[in-house]
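Data block below; observations after.
The values are calculated or read from the model by the stated rules, or taken from the named source; none is laboratory data. Because the structure is predicted, anything quoted here is derived from the model rather than measured. Please note: Cβ atoms are built from the backbone with ideal geometry, for glycine as well, and neighbour counts cover all protein chains shown. Accessible surface is based on the protein model in full, side chains and every heavy atom, while ligands, DNA and RNA are left aside. Shrake-Rupley method; radii C 1.70, N 1.55, O 1.52, S 1.80 Å.
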Amino acid sequence: MSIIWSLIFVICIVFACISNEPSTVIDSITNSSKNAIENVVVIASMLIFWSGIFNILSNTSALSKLSKKMYNVFSFLFKKDEISEKSKEYISLNIASNILGVGNAATINSLNGIEELQKSNRNKERLNKSMVVFIALNTASMQIIPTSMISLRALYNSQNPEKIILPVIIVSFVSLIVSLISVNLLWRKNE
Amino acid sequence: MSSYIIPTFVLIVIITALIEKINIYNLFIDGIKIGLKTVYNIFPYIFAITIISGLINDTGILNNIKLFNIQGDILPLILMKPLSGGASTGLVVDIFNKYGPDSFNGLFASLIMASTETTLYVISIMSSKVKIKDMKLPIICGLIGDITAIILAVIITKIIV
C-alpha cells in the first residue's frame, strides 16, 4: 500500500511539473484536505446512526433465532468431520450477522469461527475445505438491506436511494454462488 | 414501495427490542460510541485516499483511461474496494460529488460498494488469526466472486440507469 501511495504521489507531482502546472499540486492538496474533512462528516453522519441501530439489533434475540435457521441452510457446504459444535455456533452467528448487516458481530464471529475450525483442523499448516468455504462466505457480501449505502445515496440527494436494493441482492447472491462453486472446483483440482 | 424498506427495518428493530424489554436507549448510545470509534479509525484512510484521488483528478493523469466505457474514476474504486472499506467509501463520496448518485458512475459505485466485501483485507486478518500463510485458494475464489460482481454490476447498471 505504501508503495502504491507514494508512487501515485510521485507520478502526479512529476506529471504536474512536466506539464508546466506545478501550482496544481498545492491547490489540489489543500482542496482535497478540505474535501476529506467534509467527506468524513458526511460518512460519520450515516455510519454513527446505523451503528446505534445495529447495536440494538445485535442485542435482541433476532440474531440467535436467525442463526439457528441459517446453519441448516448452509450446513451442506461444510464437512461434518471438520466441524465442532462450537465452530458451528460461531459460523451460524457469523452468517446471521452478515445477512442482517451487523458488522461488528460479523467480524468477531468470523475470527472466533476460523479459530475454532483451526482447532479441529488436522494439518495446522494448511487450510481444510471447511475453512476455505468459511472464508469465501466472509469475502462475499451477504447483507440483505444495504442500509449505509442507501443513507449515503440519500445524503447526496439521490432521487431514489433505495433503487439499489434489488440489484445489490442479485449481484451479491450471484457472486457468492460463483465464488462457492469455484471453491469446490479448485479444491478438487488441489487434491 | 422500496422507500418503505428502511423505515420498516428500523421500526422492526425497535419494536422487537421493546417486546424483549431491552434497554434500547443505552444500547443506542453504546452503538454510537462504537460508530464514533469506527469513524476515528477510518478517517486517516479516507484522508489519505482523498489527497491521492484529488491529485489524480487535478493533474488529469487518468483522464484518458477507459475501462468498459467507464470514466477513470471507477477504476480506482474497483482496485481499492478489496483492500480497504474506508478508502473506498472516500472514493464513492468523490464519485457522488462529481457525477451524483443517480448517474451511471454513481449507481455502479453504489452497487460495487454494497455487494462486494473488502476481500483481501478479510483474508489477511483471518490468515493472521490462524497463522496459515498459504491463502492462495481463498484469494483466487474471493477475487473470482469480485470480478463476477463487477461484470454483473456493469450490466445491471446499464439496464437501470
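Below is a table of values for the structure above.
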{"quantity": "Restricting region A:1-17 to residues that are closer than 21 Å to residue B:85 by Cβ and assigned to a helix (DSSP H, G or I), the residue that is least open to solvent (accessible area, probe 1.4 Å)", "calculated": "A:8"}
{"quantity": "Region A:144-181, residues that are within 15 Å of residue B:119 (Cβ to Cβ) and open to solvent by 10 Å² or more (accessible area, probe 1.4 Å)", "calculated": "A:176, A:178, A:180"}
{"quantity": "Criterion (at the interface with chain B (Cβ under 8 Å from one of its Cβ atoms) and at pLDDT below 90) met by exactly one of A:108, A:135, A:114, A:145", "calculated": "A:145"}
{"quantity": "Single residue of A:6, A:2, A:45 found to be modelled with pLDDT of 85 or more and among the hydroxyl-bearing types (Ser, Thr, Tyr)", "calculated": "A:6"}
{"quantity": "Filter pass, residue A:190 being over 23 Å from residue B:35 (Cβ atoms), facing chain B (nearest Cβ under 7 Å), open to solvent by 20 Å² or more (accessible area, probe 1.4 Å) and polar (S, T, N, Q)", "calculated": "yes"}
{"quantity": "Helices (runs of 4 or more DSSP H) within region A:26-130 that include 1 or more residues of a type outside the set (Gly, Ala, Ser), touching a strand residue (DSSP E or B) at 6+ places or on another chain (Cβ under 6 Å) and surrounded by 15 or more Cβ atoms within 10 Å (Cβ to Cβ)", "calculated": "none"}
{"quantity": "Test result for residue A:69, over 19 Å from residue B:8 (Cβ atoms) and out of contact with any helix residue (DSSP H, G or I) (no Cβ under 7 Å at 6 or more places or on another chain)", "calculated": "yes"}
{"quantity": "Near pairs, Cβ below 9 angstrom, 6+ apart or cross-chain, from region B:8-32 (closer than 26 Å to residue A:162 by Cβ) to any residue that is of a type in the set (Gly, Ala, Ser) and assigned to a loop (DSSP other than H, G, I, E, B)", "calculated": "B:16/A:61"}
